[in-house]
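Notes to accompany the following structure.
Just so it is clear, none of the values below were taken in a lab; they were calculated from the coordinates. Quantities reported herein were computed from a predicted structural model and do not represent experimental measurements. Methodologically, a virtual Cβ is constructed for each residue, glycine included, from the backbone with ideal geometry; neighbour enumeration extends over all protein chains shown.
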Amino acid sequence: MGTALVPLDHFAVHRKVWRRLVQAARLCCGVPDYDNYVQHLLTHHPEREIPDYATFFRQRQDARYGGGGFRCC
């Protein structure tokens, strides 16, 4: 390897790959992606109010687990 600098487009590719890996890991753990949700709202539902992260997270948890408290069966 020489002493040439790495082109900037390589950093952009690495950054994009890293972001996708983090997104996949979060989805596997059940943590939704707030940034994609905000982008979706701005694109497809501009009339809706954008919730803060805490509200968004609570809504996703309620949607996933029913929001009616703990049930074992």
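Going through the range 26-51 one residue at a time, which ones are outside any helix (DSSP H, G or I) and either aromatic (Phe, Trp, Tyr) or closer than 19 Å to Arg64 by Cβ (or both)?
Gly30, Val31, Pro32, Asp33, Pro51 - these are the residues of the range 26-51 that are outside any helix (DSSP H, G or I) and either aromatic (Phe, Trp, Tyr) or closer than 19 Å to Arg64 by Cβ (or both).
Report yes if some residue within the range 30-53 is at positive phi, surrounded by 10 or more Cβ atoms within 10 Å (Cβ to Cβ), free of Cβ contacts under 8 Å to residues at least 40 places away in the same chain and out of contact with any strand residue (DSSP E or B) (no Cβ under 7 Å at 6 or more places or on another chain); otherwise report no.
Scanning the range 30-53 turns up at least one residue that is at positive phi, surrounded by 10 or more Cβ atoms within 10 Å (Cβ to Cβ), free of Cβ contacts under 8 Å to residues at least 40 places away in the same chain and out of contact with any strand residue (DSSP E or B) (no Cβ under 7 Å at 6 or more places or on another chain).
Scan (1) within 14 Å of the chain's Cα centre (by Cα); (2) loosely packed, with under 11 Cβ neighbours inside 10 Å for the single condition Ala63 breaks and write down its number.
It fails just one condition, (1).
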